[in-house]
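What follows is a single structure, and I will ask about it in a moment.
The values are calculated or read from the model by the stated rules, or taken from the named source; none is laboratory data. Owing to the predicted nature of the structure, the values given are computational and were not obtained by experimental measurement. All Cβ positions, even for glycine, are placed from backbone atoms using ideal geometry, and neighbour counts span all protein chains on display.
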Amino acid sequence: MSIPTKVLQKTGPQEPFRVTTIERRDVGAHDVLIDIRAAGICHSDIHTIRNEWGEAHFPLTVGHEIAGVVEAVGPEVTAWRPGDRVGVGCLVNACGECGECTAGFEQNCEAQKVGTYNSVDLDGTITQGGYAEKVVVDDRFVCRIPDSLDFDTAAPLLCAGITSYAPLSRWNVGPGTKVAVLGLGGLGHMGVQIARAMGAEVTVLSRSLRKEETARRLGASQVLSTAEEGFFSAHRGEFDFILNSVSADLPLNRYLGLLAPRGVMAVVGLPPEAQALKFGALIAGAKVLTGSNIGGIAETQEMLDFCAEHGIGSWIEKIGVADVEAAYDRVVAGDVLFRFVIDTATFAEAEVAEAG
């Protein structure tokens with residue numbers, strides 16, 4: 001028996017969003033049925049559903065920043081019960097047996113990692129994401145949302161939060177560390193808050209000083225304009241760690257020059273084109289250029305607990321399901337501070353189109 005669920009869906013990249021009904025799978029032995037209360041809009045959603053990362057599987061519902069309440073659990077589920085406050089991020093399944101899974105890095109599963117949307121699930125169906133009223137997820141991929149976090153500000157933590165937290169944590173950012181956050185968007189604004197809470201001295205690097213007041217409110221001690229004449233010379237070797245959240249072409253070698261010896265640049269943005277790199281920029285000073293992709297489930301829970309402990313949440317603008325199309329255009333234009341979150345209660349009044 002399947003579970004009818006209202007979702008926000010597109011039937012093609014040029015088609016409008018529509019509210020329709022899909023059938024979620026019945027709650028299996030190890031499944032959790034979640035009543036979704038908030039769903040964040042990630043730029044990855046936009047790239048996917050506009051076919052900017054290849055051909056998507058349509059019709060498609062996106063969304064992998066999901067916060068809600070457990071409605072039902074399968075008979076073999078022991079970690080969750082109805083009424084629990086939970087979240088789901090970018091993964092809904094993985095093999096659980098390979099080296100990466102057993103090490104706690106399910107996002108790097110060597111067999112079959114399953115994304116929350118636009119991914120082939122273990123049963124051969126295409127996963128449908130969190131712009132929806134409900135979702136059914138394997139219990140291993142559910143995280144607990146602490147009581148002190150609102151659903152609305154917690155939802156983006158399931159992607160933007162863990163994407164920023166993981167490299168900061170893995171590279172032991174803490175007191176005495178000089179951190180530069182490159183780009184103050186959905187990822188960057190989480191990076192500033194998290195690095196500051198870890199005890200680091202945080203600088204925001206941006207082309208202009210337009211967001212200086214906001215950056216300081218987030219916890220940055222200074223904001224520097226990379227467009228200023230002589231910037232790269234003036235700040236050469238200044239930072240121990242750079243969180244690069246920019247998804248655009250950059251003079252990468254010049255930014256690596258901002259690192260102190262043995263400094264680390266962690267890349268979490270995804271530029272559309274290949275980036276030029278001269279190895280001398282790494283070899284001189286034994287610097288590290290690394291990438292990071294979300295985090296494992298245990299890391300994600302650690303991040304949520306950390307954010308709750310330090311009062312950290314995403315800065316959001318709440319919208320209804322009818323506003324998502326316009327919100328996408330605003331995200332692309334950089335007109336959001338810093339995340340849109342869909343109020344899923346607005347599905348109740350939404351007109352349902354025929355599926356197919």
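Which one of these does GLY263 not meet: (1) over 16 Å from LEU243 (Cβ atoms); (2) part of a strand (DSSP E or B)?
Exception for GLY263: condition (1).
Among the residues of the stretch 28-43, count how many are buried (at least 19 other Cβ atoms within 10 Å of the Cβ) and over 18 Å from the mean Cα position of the chain (by Cα).
Total satisfying the criteria: 4.
Which fully enclosed strands (runs of 3 or more DSSP E) of the stretch 1-119 have 1 or more residues being touching a Pro at 6+ places or on another chain (Cβ under 9 Å)?
The strands (runs of 3 or more DSSP E) meeting that bar are 3-9, 18-24, 31-40, 66-73, 85-88.
Take the residues of the stretch 310-354 that are exposed (fewer than 15 other Cβ atoms within 10 Å of the Cβ), among the charged types (D, E, K, R) and within 21 Å of GLU15 (Cα to Cα): which is modelled with the lowest pLDDT?
Once the filter is applied, the top-ranked residue is GLU354.
So, one more: Restricting to the stretch 44-60, and then to whatever is touching a helix residue (DSSP H, G or I) at 6+ places or on another chain (Cβ under 7 Å) and surrounded by fewer than 20 Cβ atoms within 10 Å (Cβ to Cβ), can you tell me which residue is farthest from GLY185 (Cα to Cα)?
TRP53
Among ASP152, ASP84, which is the only one that is at negative phi and either surrounded by fewer than 21 Cβ atoms within 10 Å (Cβ to Cβ) or in the same structural domain as PHE239 (by TED's automatic domain parsing) (or both)?
On inspection, the qualifying residue turns out to be ASP84.
In the stretch 288-297, is there at least one residue being part of a helix (DSSP H, G or I), in contact with a helix residue (DSSP H, G or I) (Cβ under 7 Å, 6 or more places away or on another chain) and outside the structural domain of MET190 (by TED's automatic domain parsing)?
yes
Yes or no: the stretch 311-333 includes at least one residue that is farther than 23 Å from GLY63 by Cα and either assigned by TED's automatic domain parsing to the domain that holds GLN107 or part of a loop (DSSP other than H, G, I, E, B) (or both).
There is at least one residue in the stretch 311-333 that is farther than 23 Å from GLY63 by Cα and either assigned by TED's automatic domain parsing to the domain that holds GLN107 or part of a loop (DSSP other than H, G, I, E, B) (or both).
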